[in-house]
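These notes are about the structure you will find just below.
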Amino acid sequence: MNDKTTRNNSKFERDLTGKTFSHIDRIGKLMIFEFKNEPDLFLLSHLKMTGQFFYQNKSKVISGGGHSMTKEDSEALPNKHTRVFFELTNGSALFFNDMRKFGYLALTNLAGKNIAKSGYGPEPTATDFDYKKFHAGLSKKGRAIKAVLLDQTFIAGLGNIYVDEALFAAKIHPEKKAKDLTFKEAKAVSKAGGEIMLKSIASGGTTFQNFKDTGGQNGNYKDFLKVFGKQNTPCPRCKTIIKKIKVAGRGTHYCPRCQK
DNA sequence: CTTTCTGTTAGAAA
DNA sequence: ATTTCTAACAGAAA
């Protein structure tokens, strides 16, 4: 929650009190909450680096007042990283936690939601993802392929972990110029990216340090990672030691032998 | 102790 | 126009 939203808390509360969540949409890493009978009201939320949503049913929601610091209480919500929480009519609650405060919740209207959506490129998970168009786009980019894959306006949804994993799957060096990818490579890396995302979603995401899902569970995709965080260990394909370098300002892991 | 690193991206600078 | 760098923040690790 940034300062701007904090200052607007009372308006934020006023605008949402009595409303009913009806559906949660998404584009890239942006969550879009919709409301029953409110076609011109949307709640946008981005988790950025450390944002988390937690849902607790009635029995677990604390009612306030003094309590001892037991082990169980260490997971009590709200806690010091809780920026916003919603008390729902069935007695349960939804908490938005964000240690580093980069994430946000923001109310907007239909026009605002559409503007936000228009800033995103196609999703590699889409069944109609256009590989030809993707390759044509790459051919105009002189930067490293990794930088382009992280560019949400160009292709939506991939973050640092999955870009490294997709480049490894497609055997492409992260610093290779985007324009130098063949059609075959462009198709392979975008296809791998989409498949990796879907597999990760199916296993609850990647818990790198302290990510938890809405119910407080770790993600299990870390068990499937091939190169991310695997620097100084053998490549699962060729046993060459995985390297870690910096590309586009981000920690980048790759196999110097497999990825050309 | 200080420095560097971290799952993201908007906005400034080049 | 496009690309790179920096800042926003808190905490863990080196």
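A short reminder: the numbers here are calculations on the coordinates, not readings from a lab. None of the values given here were measured: they were computed from a predicted structure. Here the Cβ positions follow ideal geometry from the backbone for every residue, glycine too, while neighbour counts run over all protein chains shown.
Structural remarks
- Here the extension length gained between A:D25 and A:Q231 equals 70.6 nm, from 0.36 nm per residue of separation less the Cα-Cα distance.
- In this simple spin-label approximation, A:N210 and A:T89 carry label points 7 Å from Cα along the Cα→Cβ vector, and these lie 3.5 nm apart.
- Placing unit charges on the Cβ atoms only, positive for Lys and Arg and negative for Asp and Glu, gives segment A:131-254 a dipole magnitude near 520 debye about its Cα centre.
- Taking each residue as 0.36 nm, the span from A:I115 to A:K101 lengthens on full extension beyond its C-alpha to C-alpha distance by 2.7 nm.
- FRET E, pair A:R14, A:R257, Förster distance 51 Å, beta-carbon r, rounded to 0.05: 0.30
- Counting only the Cα atoms, chain A fills a convex hull of 155 Å³ per residue.
- Note on segment A:72-156: Rg/Rh from Cα positions, Kirkwood definition for Rh, rounded to two decimals, is 1.15.
- Segment A:K179-A:K80, length gained on full extension (0.36 nm per residue, minus Cα span): 31.0 nm
- Candidates A:F102, A:F54, A:F42, ranked by Gaussian network fluctuation over chain A, Cα under 10 Å, top entry: A:F102
- Neighbourhood net charge (12 Å Cβ-Cβ; Lys/Arg +1, Asp/Glu -1) for A:H23: -1
- Taken along its three principal axes, the alpha carbon spread of segment A:131-254 comes to 42, 32, 25 Å, from the longest extent down to the shortest.
- For segment A:151-195 versus segment A:98-116, the gap between their alpha-carbon centres in whole angstrom: 27
- Dipole of chain A, positive end: most advanced residue of A:F12, A:N57, A:G216 [Cβ charges, Cα centre]: A:G216
- Local net charge near A:A156, Cβ-Cβ under 9 Å (Lys/Arg +1, Asp/Glu -1): 0
- Theoretical ellipticity at 222 nm over chain A - DSSP helices of four or more residues, -39500 (n - 2.57) apiece, nearest 500: -7500 deg cm²/dmol
- Local electrostatic count at A:P39 - Lys and Arg +1, Asp and Glu -1, tallied over other residues with Cβ under 14 Å: -1
- Directionally averaged shadow of segment A:12-118, computed from the convex hull of its alpha-carbon atoms, nm²: 7.7
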